[in-house]
1. Please work out the FRET efficiency for the pair GLU247 and ALA643, using the Cβ-Cβ distance as r and a Förster radius of 56 Å; give the result to the nearest 0.05.
2. Would you mind classifying region 561-661 by shape? Square roots of the alpha carbon gyration tensor eigenvalues, ordered a ≥ b ≥ c; an a/c under 1.5 is rounded, otherwise it is prolate if a/b is larger than b/c and oblate if not.
3. Once the dipole of region 183-262 is set up with Lys and Arg at +1 and Asp and Glu at -1 on Cβ about the Cα centre, which of VAL262, CYS243, ASN185 lies farthest towards its positive end?
4. Which entries of LYS403/LYS453; LYS490/LYS597; LYS540/LYS658; LYS344/LYS490 show an alpha-carbon separation above 22 angstrom in the structure shown?
5. Over region 251-354, what is the mean sequence separation of C-alpha contacts under 8 Å (at least six apart), divided by residue count, expressed as relative contact order in percent?
6. At 0.36 nm per residue, minus the direct Cα-Cα distance, what do LYS630 and LEU166 gain on full extension? Give it in nm, one decimal, please.
7. First check a/c for region 70-136, with a ≥ b ≥ c the square roots of the eigenvalues of its C-alpha gyration tensor; if it is under 1.5, answer rounded, and if not, answer prolate when a/b is larger than b/c or oblate otherwise.
8. So I have (1) 170; (2) 296; (3) 255, and one of them is volume of the Cα convex hull per residue in Å³ calculated from this model. Which one is it?
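The values are calculated or read from the model by the stated rules, or taken from the named source; none is laboratory data. These figures come from a predicted structure and were not determined experimentally. Here the Cβ is made from the backbone with ideal geometry for all residues, glycine too, and neighbour counts use every protein chain on show. Just the protein is used for accessible areas: all its heavy atoms, side chains included, with ligands, DNA and RNA removed. Shrake-Rupley method; radii C 1.70, N 1.55, O 1.52, S 1.80 Å.
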Amino acid sequence: MSEEEAQRYGGGTGGGGVGALSVDLLGQVLDRVLERRDRKACRLVSRAFARAEAAHRRALRVLRREPLPRLLRAFPALERLDLSACASLDDASLAAALAGADLGTVRQVCLARASGVGWRGLEALVAACPRLEAVDLSHCVGAGDREAAALAAASGLRELNLEKCLGVTDMGLAKVAVGCPRLENLSFKWCREISDIGVDLLVKKCRELRSLDISYLKVSNESLRSISTLEKLEELAMVACSCIDDEGLELLSRGSNSLQSVDVSRCDHVTSQGLASLIDGHSFLQKLYAADSLHEIGQDFLSKLVTLKATLTVLRLDGFEVSSSLLSAIGEGCTNLVEIGLSKCNGVTDEGISSLVACCSYLRTIDLTCCNLVTNNSLDSIADNCKMLECLRLESCSSINEKGLERIASCCPNLKEIDLTDCGVNDEALHHLAKCSELLILKLGLSSSISDKGLGFISSKCGKLVELDLYRCSSITDDGLAALANGCKKIKLLNLCYCNKITDSGLSHLGALEELTNLELRCLVRITGIGISSVVIGCKSLVELDLKRCYSVDDSGLWALARYALNLRQLTISYCQVTGLGLCHLLSSLRCLQDVKMVHLSWVSIEGFEMALRAACGRLKKLKILSGLKTVLSPDLLQLLQACGCRIRWVNKPLVYKDAI
């Protein structure tokens with residue numbers, strides 16, 4: 001940019017252009033720029049915009065720990081800080097970054113999967129953020145009671161996610177309960193060391209709780225007795241709580257009538273009678289999730305369900321045994337439903353679906369996964385009655401075809417997601433679906449009849465598409481990818497696994513998808529490092545890449561990844577023909593890489609694995625590798641990896657090469 005142009009756009013020091021506008025006004029302009037790339041363009045073209053964003057930016061997501069101190073100082077108005085993807089973040093680096101920063105405005109911090117952060121780092125965080133209201137520590141499997149105690153010092157905390165913090169016990173929960181009495185949303189899902197004692201103390205101390213998740217805990221009905229006294233509780237999830245039964249739901253029904261959402265999915269000892277008593281005590285229930293908990297629906301449950309006619313909007317009955325008469329009764333009794341889940345339900349027929357949707361015209365999400373008795377007649381009924389439909393899941397509904405989908409496309413203009421995996425659809429079906437210009441998610445896996453022609457129909461009309469699944473669509477070629485890259489520029493997730501006609505030429509087109517974050521290329525045996533280079537040079541936002549069984553990908557592909565895929569966090573290179581040198585260069589270069597699967601790298605020596613893993617030590621959180629290496633890799637390396645929070649999955653798989661051509 002020339003000096004004259006810089007002055008014109010406010011980049012210089014003159015008074016013209018955007019530089020003449022106030023920081024507050026420019027900040028309001030930036031608030032209306034939603035796309036991240038567009039905001040970046042504004043910063044690059046004008047120093048005035050850069051200053052305005054620094055003063056007004058409310059959210060920050062950091063990918064590497066090195067620039068963290070500078071970023072925290074550059075944005076003094078931050079309210080939301082996401083460090084979940086910040087590779088190799090530990091107590092020392094977090095404390096050092098927080099030391100000189102003014103974080104008085106920060107209210108929310110996400111540390112999900114930040115396994116290197118312990119109680120010392122959390123103490124520093126709480127001290128630096130006096131207005132902290134929400135912390136996400138989910139999937140920090142090493143976090144325990146000391147980490148919980150550190151968070152308990154944030155007395156203003158209202159939201160806390162401790163999902164899969166496996167070391168948290170009743171003692172840690174007690175610290176949180178005493179220190180954070182104003183908690184409103186709390187999840188300790190999978191914290192299996194927490195018992196009824198911890199839940200009881202939590203309930204006594206945190207009376208403001210509105211949302212609580214105790215899924216996968218070994219708690220009993222006594223916990224539900226305590227929870228029933230929470231007068232403000234609106235959402236309760238207790239998925240797979242195997243010690244809870246109908247008696248517990250009866251206790252829950254006698255408590256406060258504020259519950260609006262209950263999830264009892266996979267609670268093996270819950271029956272229709274228990275659900276009936278739950279509904280009887282909560283007349284304002286809006287969402288009921290009971291997937292895989294009952295085999296049959298009793299008349300007592302059905303009669304109580306009708307009492308929720310005015311309020312119930314979401315009903316998940318996945319895995320139930322249903323009938324046409326039952327679906328008809330649900331339709332007549334729950335006319336305000338916006339979501340119905342019937343995935344893997346036996347007995348779902350065209351007659352039942354027709355009766356259901358005839359009364360439920362507000363439905364926006366319908367899940368009929370694996371309901372293989374459903375035909376085009378059901379799609380006709382849905383199209384006629386559910387004009388506001390946004391999501392339709394039809395995986396493995398093999399009796400539907402392009403005629404039924406034509407009706408859906410014509411009558412449901414707001415359709416945003418459709419799953420047609422293993423439905424055997426063809427190009428004509430895609431020609432009809434192309435009418436759905438609002439489509440965001442399209443899943444077409446296992447559709448061998450789809451060709452480049454069909455993909456061309458979608459590409460020409462569905463420019464808003466962000467996710468496309470073409471798993472085992474074996475007729476797709478390079479020409480189809482050319483059309484896709486030309487018409488669907490916003491794609492973020494793309495699955496091309498086992499599309500074995502694709503070559504490097506096809507991958508060269510994918511480089512135009514600048515917003516692509518997740519790419520699955522498993523078993524594309526015709527691609528090489530040249531194709532990988534084409535992708536990563538253009539797709540700078542790539543965070544997940546699957547190259548398993550791409551037998552022709554060698555070190556040249558890894559060198560391209562090391563140079564251009566700087567944001568890559570998850571990588572699968574099992575069975576690739578790479579060497580220790582390429583692997584070492586890759587793992588030492590990618591500072592954001594946290595999850596690597598590298599099984600059967602036959603050309604990598606023991607020394608190659610040693611050097612590569614040492615280069616990535618401190619950043620890796622997950623590693624999948626052959627169990628045979630467990631006895632030959634040095635013990636100090638394995639101890640170092642585990643000490644840095646890396647979970648190693650040892651697998652014992654025979655070396656078998658699959659011919660995908």
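1. Numbers: r = 45 Å, r/R0 = 0.81.
It comes out at approximately 0.80.
2. On the way: a/c = 1.58, a/b = 1.11, b/c = 1.42.
Oblate.
3. In region 183-262, that residue is ASN185.
4. LYS490/LYS597; LYS540/LYS658; LYS344/LYS490
5. On the way: 212 pairs, mean separation 25.3, N = 104.
Relative contact order here is 24 percent.
6. Working: separation 464, 0.36 × 464 = 167.04 nm, distance 2.47 nm.
Once the chain is fully extended between LYS630 and LEU166, it gains 164.6 nm.
7. Details: a/c = 1.44, a/b = 1.31, b/c = 1.10.
Since a/c stays below 1.5, the shape of region 70-136 is classed as rounded.
8. Here the calculated entry is (1).
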